[in-house]
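K.L.:
Structure below; questions to follow.
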Amino acid sequence: MNRQLPVHVNILKIEENWTDYPKYVIKLMQLILVLIAALAPVVVASWYIYKKDIEQPEPTSWLIKAFFFGVLSTFLSFVFSVPLCEIFNLGDDVESFDSIGSAFSYAFLAAAIPEELAKFIMFCFLLRKNPFFDEKFDGIVYAVFVGMGFAGLENIMYLIGGLEDWSWIGTGIVRALFSIPGHFVFAVLMGYYYSLYRFDIDRTLKTKILILGAPILAHGIYDGLLMSVSVNEGLAAVCTIAFLFFFSKLKQKGKEKIESLRNM
């Protein structure tokens, strides 16, 4: 029993000395944990689509470039969202809405349209002179890496907001389960329809519109249902169920598009 006493004493000393660490050291350790929590689901999603590209995997340098373009698209989205919010007087309060209409208006005008438009611009700019974009599935691969660049920076910003009260842990879990997969599927839709049009599989006007229209519509409905939960308590349960149902169908659609393009 005496041999166990020093271990017990050492544990107590560690617990006591934890509070003696400089605050900046604790903050730095917490920031590192936040970055890991924010980027881990992004890395997993990116790796998943990379491993699906079996025949001719894209060069790592171009995938890193795509990810970086996605990060830049986060800033570009503000160029569109700020004027739209001003024009339509949407306000800054995203915690609560007085009607489902206002929730969906904010979802489309402040999030879905500017964000997907920004990602689309950077996606097109990336592929403009890309010599390795030579397979149909490449459209999904590059779109996903652009989307994950956007989602990664957005995730960091959301989680850093909860640094003081440690709420970033809960936020990180929720966003890893819903937000990152959401951005992943939006990107899959964009890349899927882009490849259909680019490789002359379907050159109809409908396909051309869906390149940007499909991700905007999916993103807008996704955010709209989620934001509608805050309208009132009576609608909260209904909107939550509707959101989970839509999210499930969205993931299923994403998987179908991936397998469809792989098999073409």
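K.L.:
Measure up LYS206/LYS249; LYS129/LYS249; LYS208/LYS253 against 29 Å on the Cα-Cα distance and list the ones that go over.
P.N.:
Working: LYS206/LYS249 22 Å; LYS129/LYS249 35 Å; LYS208/LYS253 19 Å.
Listed pairs above 29 Å: LYS129/LYS249.
K.L.:
Please compute the length gained on full extension between MET157 and ARG262, using 0.36 nm multiplied by the number of residues separating them and subtracting their Cα-Cα distance. Numbers along the way, then the final one.
P.N.:
Numbers: separation 105, 0.36 × 105 = 37.80 nm, distance 3.39 nm.
Working it through step by step, the gained length comes to 34.4 nm.
K.L.:
Counting other Cβ atoms within 10 Å of each Cβ, which trypsin sites (Lys or Arg not before Pro) in segment 36-134 have at most 13 and sit in a DSSP loop? Don't skip to the end; give the middle numbers.
P.N.:
Numbers: sites: LYS51, LYS52, LYS65, LYS119, ARG128, LYS129; in loops: ARG128, LYS129.
Passing both the DSSP loop test and the Cβ count: ARG128, LYS129.
K.L.:
Pick out which of ALA143, ALA66, ALA237 has the largest mean-square fluctuation in a Gaussian network model of the chain, springs linking Cα atoms closer than 10 Å.
P.N.:
Looking only at ALA143, ALA66, ALA237, the largest GNM fluctuation is found for ALA237.
K.L.:
To the nearest 10 degrees, how steep is helix 23-52 against the longest Cα principal axis of the chain, on a 0 to 90 scale?
P.N.:
Rounded to the nearest ten degrees, it is 30.
K.L.:
Something else now. Of LEU72, LEU196, PRO181, whose Cα points farthest to the positive end of the dipole of segment 4-262 (charges on the beta-carbon: +1 Lys, Arg; -1 Asp, Glu; origin at the Cα centre)?
P.N.:
Final value for the positive-end residue is LEU196.
K.L.:
Now for a separate question. Taking the Cα centre of the chain as origin, work out the dipole magnitude from +1 charges on Lys and Arg Cβ and -1 charges on Asp and Glu Cβ, in debye rounded to 20. Don't jump to the answer; show the numbers that get you there.
P.N.:
Values: 22 positive and 25 negative charges, 189 e Å.
In total the dipole reaches around 900 debye.
K.L.:
State, to one decimal in nm, how far the label point of PHE75 lies from the label point of THR204, with both points 7 Å from Cα in the Cβ direction.
P.N.:
Roughly 4.1 nm, to one decimal.
K.L.:
Mind pulling the angle between the C-alpha long axis of helix 4-18 and the longest principal axis of the chain? Nearest 10 degrees, somewhere in 0 to 90.
P.N.:
60 degrees
K.L.:
Using Cα springs under 10 Å in a Gaussian network model of the chain, which residue among LEU189, LEU212, LEU35 shows the largest mean-square fluctuation?
P.N.:
Judging by the Gaussian network model, the answer is LEU35.
K.L.:
Using 0.36 nm times the number of residues separating ILE173 and VAL25, minus their current alpha carbon distance, what extension gain do you get?
P.N.:
Working: separation 148, 0.36 × 148 = 53.28 nm, distance 2.44 nm.
Result: 50.8 nm gained on full extension.
K.L.:
Mind computing the radius of gyration and Dmax over the alpha-carbon atoms of the chain? Å is fine for both.
P.N.:
Taking only Cα atoms of the chain, I get Rg and Dmax of 21.7, 81 Å.
K.L.:
What length, rounded to one decimal in nm, is gained on full extension from LYS129 through to VAL94, with 0.36 nm per residue of separation minus their alpha-carbon distance? It would help to have the intermediate numbers written out before the result.
P.N.:
Details: separation 35, 0.36 × 35 = 12.60 nm, distance 3.89 nm.
Full-extension gain reported as 8.7 nm.
K.L.:
Based on the mean of other Cβ atoms within 10 Å per residue, sort peptides 102-112, 252-262 so the most packed one is first. Don't skip to the end; give the middle numbers.
P.N.:
Values: 102-112: 20.7, 252-262: 15.9.
Descending packing order for the listed peptides: 102-112, 252-262.
K.L.:
In debye, nearest 20, what is the charge dipole magnitude of segment 22-115 about its Cα centre with +1 on Lys and Arg Cβ and -1 on Asp and Glu Cβ, if you could check? Intermediate results must be reported in sequence, preceding the final value.
P.N.:
Working: 5 positive and 9 negative charges, 113 e Å.
Its charge dipole is roughly 540 debye.
K.L.:
Let me ask another. Which of PHE108, TYR158, LEU250 sits closest to the plus end of the dipole of the chain, meaning its Cα is farthest towards the positive end, when Lys and Arg get +1 and Asp and Glu get -1 on the C-beta?
P.N.:
The residue sitting most towards the positive pole is LEU250.
K.L.:
If you take the Cα atoms of segment 181-225, find Rg, then find the Kirkwood Rh from the mean of 1/r over all pairs, what is Rg/Rh? Present the calculation step by step, with values, prior to reporting the outcome.
P.N.:
Working: Rg = 10.9 Å, Rh = 10.6 Å.
A ratio of 1.03.
K.L.:
Still on this structure: Working from Cα positions, state the angle (0 to 90°, nearest 10) between the long axis of helix 60-87 and the longest principal axis of the chain.
P.N.:
Around 80 degrees separate the two axes.
Since every read-out is calculated from the coordinates, none of them should be taken as a lab result. These figures come from a predicted structure and were not determined experimentally. Backbone-built Cβ (ideal geometry, glycine too); neighbour counts: all protein chains shown.
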